[in-house]
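Read-outs throughout are calculated quantities, based only on the coordinates presented, and are distinct from any laboratory measurement. Everything quoted here is computed from the prediction, not taken from an experiment. Note that each Cβ is placed from the backbone with ideal geometry, even for glycine, and that neighbours are counted across all protein chains shown.
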Amino acid sequence: MKAWRVILNDVDITRQVYQVQTRFEAEKICGEVSVEIADRAVLDGIVVPRVPQGLSVQVDALVNGVWVSRGAYFLDEITYPQNPAARTASIWGRTLSARLYVPWGQKISRQWPAATTIAAILAELGAMCGVTIQVQNDYPVCAYCYAVSGWY
């Protein structure tokens, strides 16, 4: 049994994978995954969208007999070897937190029409890009008193 599990577009491709590497580095805003695939036929029909809309790669690791998530990723790139006879391929992707900034981030313009709190606003904005934000000192915000325009 392999120490990892890889799901691509809701299909378990673990048997065709021979190497998985996930990276979460402090200086980068998002995590990355690189998956080496032994049989590139698994990728037939997979199209890498210009701007990924949904997470399509899920990686889990087996830790003490329990599957632990190593993250969900946007599929950003498929690489095929230059030798046409080679059967291998690799895929590469980024975590949802890539949406925090350009080029994957979506600009947000919003006004809160009802009374809320700073914590609720930050939780809503963070949820859009897969980040949990905790506020130590929360403050009330009156209706129509706070808006963002063109934020990432």
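Can you give the Rg to Rh ratio of segment 34-97, both from alpha-carbon atoms, with Rh computed by the Kirkwood formula?
A ratio of 1.03.
On alpha carbon coordinates alone, what is the Rg over Rh value for segment 56-142, Rh being the Kirkwood radius?
Rg/Rh for segment 56-142 comes to 1.18.
What is the spread of the Cα atoms of the chain along each of their three principal axes, largest first, in whole Å?
64, 38, 28
What cysteines in the chain have no other cysteine with a beta carbon less than 4.7 Å from their beta carbon?
Lacking a cysteine Cβ partner under 4.7 Å: 30, 129.
Which net charge results when you count Lys and Arg as +1 and Asp and Glu as -1 among the other residues whose beta-carbon is under 12 Å from that of residue 42?
Summing Lys and Arg as +1 and Asp and Glu as -1 gives -1.
Excluding residue 149 itself, what net charge comes from residues whose Cβ is under 9 Å from its Cβ, given Lys and Arg +1 and Asp and Glu -1? Show your work: numbers first, answer last.
Values: positive: 107, 110; negative: none.
Net charge in that neighbourhood comes out at +2.
Using only the alpha-carbon atoms, how far is helix 118-127 inclined from the longest principal axis of the chain? Give it as 0 to 90 degrees, nearest 10.
Around 20 degrees separate the two axes.
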